[in-house]
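Below: one structure, written as structure tokens.
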Amino acid sequence: MAKVRVYELAKEFGVESKVVMAKLQELGEFVRSASSTIEAPVVRKLTDALQQGNGGGKPAPARKAAPAKPAAPSPILPSPDATLEEVREFLSDDGLIPG
């Protein structure tokens, strides 16, 4: 396992980065921010500590992501090959330019 960022572990455990950083400091590991990296042995130590504190080795439930907002409908445009007259007709039909 390569170095892992604190915020990635927090996301994996379903907790805030602050919780992971606090636990690392309890374990005697120095982390400056959520983008700090930690080595594999420290990740194992942290995982064990978080699982013990979470009720008998069960990983924390992951939070559900917020539903994505629906995209705004795109306007129906004339084809790129349309002639100038076809574009004018399209725009005047939609009331965008006087006909």
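All of the numbers you see were taken from the coordinates with simple rules; none came from a lab. All of these numbers come straight from a predicted model, not from anything done at the bench. Ideal geometry is used to build each Cβ from the backbone, glycine not excepted, and the neighbour counts take in all protein chains shown.
From the backbone phi of segment 24-32, what are the Karplus-calculated ³J(HN,Hα) couplings (6.51 cos²θ - 1.76 cosθ + 1.60, θ = phi - 60°) in whole Hz, Gly and Pro given as x?
4, 5, 4, 7, x, 9, 8, 10, 8
Run the numbers for ARG44 and THR83: contour at 0.36 nm per residue of separation, minus the present Cα-Cα distance, in nm.
Working: separation 39, 0.36 × 39 = 14.04 nm, distance 6.55 nm.
Going from the current span to full extension adds 7.5 nm.
Rounded to the nearest 0.05, what FRET efficiency do PHE90 and ALA34 give with R0 = 41 Å and r taken as the Cβ-Cβ distance? Could you check?
Values: r = 50 Å, r/R0 = 1.23.
Efficiency for this residue pair is about 0.20.
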